[in-house]
Amino acid sequence: MKVANKVALNTVILYVKLVLGVLISLYSVRLILKALGADDYGIYDVVAGVINLLGFVSASLSMTSTRFISVSIGEGIPEKTQKTFKACFALHFLIAVALVLLLQIVFLFVFDELTISATRLSSAKWIYQFMLVTLFLNVVVTPFTALIISHEHFLYVSIIGIVESLLKLGVAFVISSYHSDRLVLYGALMAAIAVFDVLSYIIFCAIKYRQDMSVGVCSVKELKGVSGFASWTLLDVLGTVIPRQGYAVLLNKFFGTMVNAVFALARQMEGVIYTLSASVIDSMKPQIMKSYGQGDVQRMLRLSMLAGRLGFFMMSIIAIPLLVMMPAVLTWWLGDFPNDTILYTRLLIVACMINQLTMGLFYANQAIGDIKWFSIVVASIRMLSLPVSLVLFLCGMEAYMAIVVFVICETVASFARVVMLSRQTEFKISSFLKDLSVKVFPPALIAMVVCISLYRISQDIVYSIVVFLCTVFCYVLLCFFIGLSKDERSIVKEMFQSVWIRIRHGQQR
């Protein structure tokens, strides 16, 4: 199968999975918020923040494993892939054990610093332990998921993702009809879903990719290479996780669990928007890594630019009408919702869109492997949002100012990626800025104007759906004819023709 066709098929598979997952997730959150109540939902989020604040290692290790396994596959040396997998698994297992021990020590002190009522403190501690189980499993299984992604077998990943979403929906129904401590039951069932995920990925890899797997004692050299890369990736992930999870703790300390609930709901919506672009990034990431493994740096850079642009387009298809119609959307989704949710959600979505513009460049840097200063600069800028917000809170500023600071830091950090990559490769800043001014911003601005103009006429639900569809149709056409070059339009046509042919062949069978 041609690379373009393979990317197209994987993108469609992931996009279908993500759309189904998003729809199920949105309804699940509505049920869970109603069942738990705003205070318990805020407690769950703040405890999750404490865990994730130190559990960011899992995300960095995932990037590390995917990078090393994909590059080794691109080099075409099976023995090297086995050694790489062995080193990744050893590193993941050691860090998983260390994390659990560290977080158990943190457990002895952390709850004294959180604003949680005495009647709910016991439940919060149970949630903490269930999350430790989930964290351990997520770290240990990472090499297996990285192996599947590196081989671009996204169909299985999508199936597991859909089943996981359905299980979470089932959890929402179960706790809605439960009459005892719903918060504890929710934590236990979410940990059980993590066990299902781990077993599903390990069994699949043992059957499908046994030739690439090797578990046991690895060489010090291999472990040192993987751990060195992981340490700098860890810093970059810190820049993503600390502001979001740190805000959960900071907002709780200054404003209580109700504001935590607002922030948690806004992050849920931000996560929904991000997943709509993740299908493009996830499907192109292995090709970016393999291109470098094959020595084709120019192709790697082209794919990185295209990945960021297509990811932004996929995200904006939903984000633009959502930004305009946010009050109505939150009302349809949640019914009643806490004050300030509209403002928080809009700001986080804007930050997410800005970050997406340069995500492809981040993976190009990962493929190159020279990530030290790239990670230091970008992560430092992003993490700066937390101390600045703390100072603002101490000066008496309102909670939403933290999100404003977050948007500013995300913008500066995103463009720092452009500068850093230009110093490592032949990547040109002028080319990136030209892409933004000619191909990215014009379609988005035109679609925004169209959506605002139409939506001002009426906010009726039926009319709003029509406005949404008109905006999407308009934006897709603008992205195709303005956002893509002639060659890229030809590739996209070929990709969709390939997918359509495969669908028709499947129907004929």
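If you filter region 92-127 down to residues that are of a type in the set (F, W, Y) and modelled with pLDDT of 80 or more, you find that the one that is most open to solvent (accessible area, probe 1.4 Å) is W126. If the condition is being surrounded by fewer than 18 Cβ atoms within 10 Å (Cβ to Cβ) and either on the phi > 0 side of the Ramachandran plot or modelled with pLDDT under 90 (or both), then region 447-468 contributes R456, I457, S458, Q459, D460, I461, V462, Y463, I465, V466.
Only residues that are open to solvent by 10 Å² or more (accessible area, probe 1.4 Å) and either in contact with a Gly (Cβ under 9 Å, 6 or more places away or on another chain) or of a type outside the set (D, E, K, R) (or both) were counted in region 61-91, giving 16.
For region 268-383, the helices (runs of 4 or more DSSP H) that sit wholly inside it and include 1 or more residues that are touching a residue at least 40 places away in the same chain (Cβ under 8 Å) and under 21 Å from F473 (Cα atoms) are 297-324, 326-334, 341-356. With respect to the conditions (1) surrounded by fewer than 16 Cβ atoms within 10 Å (Cβ to Cβ); (2) over 21 Å from the mean Cα position of the chain (by Cα); (3) over 23 Å from M300 (Cα atoms), S380 falls short on a single one, namely (2).
Going through region 174-184 one residue at a time, which ones are at pLDDT below 85 and assigned to a helix (DSSP H, G or I)? Result: I175, S176, R182, L183, V184. Quick one: in region 469-485, which of the residues that are open to solvent by 50 Å² or more (accessible area, probe 1.4 Å) and under 30 Å from L433 (Cβ atoms) is modelled with the lowest pLDDT? If we take residues in region 469-485 being open to solvent by 50 Å² or more (accessible area, probe 1.4 Å) and under 30 Å from L433 (Cβ atoms), then F480 is modelled with the lowest pLDDT. Criterion applied to A444, A416 was being at pLDDT 90 or above, open to solvent by less than 40 Å² (accessible area, probe 1.4 Å) and within 16 Å of G360 (Cα to Cα), and the one residue passing it is A416.
Number of residues in region 486-497 that are open to solvent by less than 100 Å² (accessible area, probe 1.4 Å), closer than 15 Å to L303 by Cα and either modelled with pLDDT of 80 or more or among the acidic types (D, E) (or both) equals 1. Annotation note: Cβ proximity below 7 Å between a residue of region 440-451 that is free of Cβ contacts under 8 Å to residues at least 40 places away in the same chain and a residue that is buried (at least 21 other Cβ atoms within 10 Å of the Cβ) and in a helix (DSSP H, G or I) (sequence gap 6+ or interchain) occurs for V450/T471.
Residues of region 176-204 that are crowded, with 19+ Cβ neighbours inside 10 Å and farther than 19 Å from T134 by Cα: F204 alone.
The values are calculated or read from the model by the stated rules, or taken from the named source; none is laboratory data. Fair warning: this is a prediction, and the values are worked out from it, not measured in the lab. Reconstructed Cβ throughout: ideal geometry from the backbone, glycine too, with neighbour counts over all protein chains shown. Surface areas here come from the heavy atoms of the whole protein model, side chains and all, with no ligands, DNA or RNA. Shrake-Rupley method; radii C 1.70, N 1.55, O 1.52, S 1.80 Å.
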